[in-house]
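Readers should treat all values here as calculations from the given coordinates under stated rules, not as data from a laboratory. Predicted model only: the values in this text are computed from it and were never measured. Note: ideal-geometry Cβ built from the backbone for every residue, glycine included; neighbour counts use all protein chains shown.
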C-alpha cells in the first residue's frame, strides 16, 4: 500500500478519536464534572495517539513536516464537518465551504512542486 494511503488512513482514524475526545464530551458528559470529562477524553485520546504517531512516522518517509501538518488539517475538516452535522446536530453553514476552500488552497500550495 502506498505511503500516502497508509498515512491518510491512519490520520483519518486518529482524527475520529481526536474529534470525539475533544468535542464528544459536550454532548455525552455535559452534566458530568469537567475532570470526569477530561479523564474520559484522555482515555479516548490515547487511541488517537496510537494511530497518529505511526501515521506521522510513516508519512515522514515521503512528506516533509509542513505537508504532514496540512494533510492532518484537511483530514480534520473532513472528519469534523460530518461529526458536527450528524453527531452534534449542528446546522450546516456556508462557512464550512469557505473553510474547505481555504484548506484546499493550503493543500495546493504545500504540495505543489
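In nanometres, what is the gap between the two model label sites at residue 23 and residue 99, each 7 Å from Cα along Cα-to-Cβ?
Between residue 23 and residue 99, the simple spin-label model gives 0.6 nm.
Could you give the spread of the C-alpha atoms of the chain along their three principal axes, from largest to smallest, in whole angstroms?
Ordered largest first, the chain gives principal extents of 50, 34, 21 Å.
For n ≥ 4 DSSP H runs only, could you compute -39500 (n - 2.57) per run for the chain, divide by its residues and tell me the 222 nm figure to the nearest 500?
On the way: 5 runs with 83 residues, N = 113.
Mean residue ellipticity at 222 nm (helix-derived): -24500 deg cm²/dmol.
Can you pull the one-decimal nm distance between simple spin-label points at residue 9 and residue 38, each 7 Å off the Cα toward Cβ?
Going from the residue 9 label point to the residue 38 one covers 3.7 nm.
Between the alpha-carbon centers of segment 1-22 and segment 48-71, tell me the distance in whole angstrom.
Each part's Cα centre sits 9 Å from the other's.
Ranking request for peptides 35-45, 11-21: highest mean number of other beta-carbon atoms within 10 Å first, then the rest in descending order. Let's see the in-between values first.
Working: 35-45: 14.0, 11-21: 20.8.
In descending order of packing, they fall as 11-21, 35-45.
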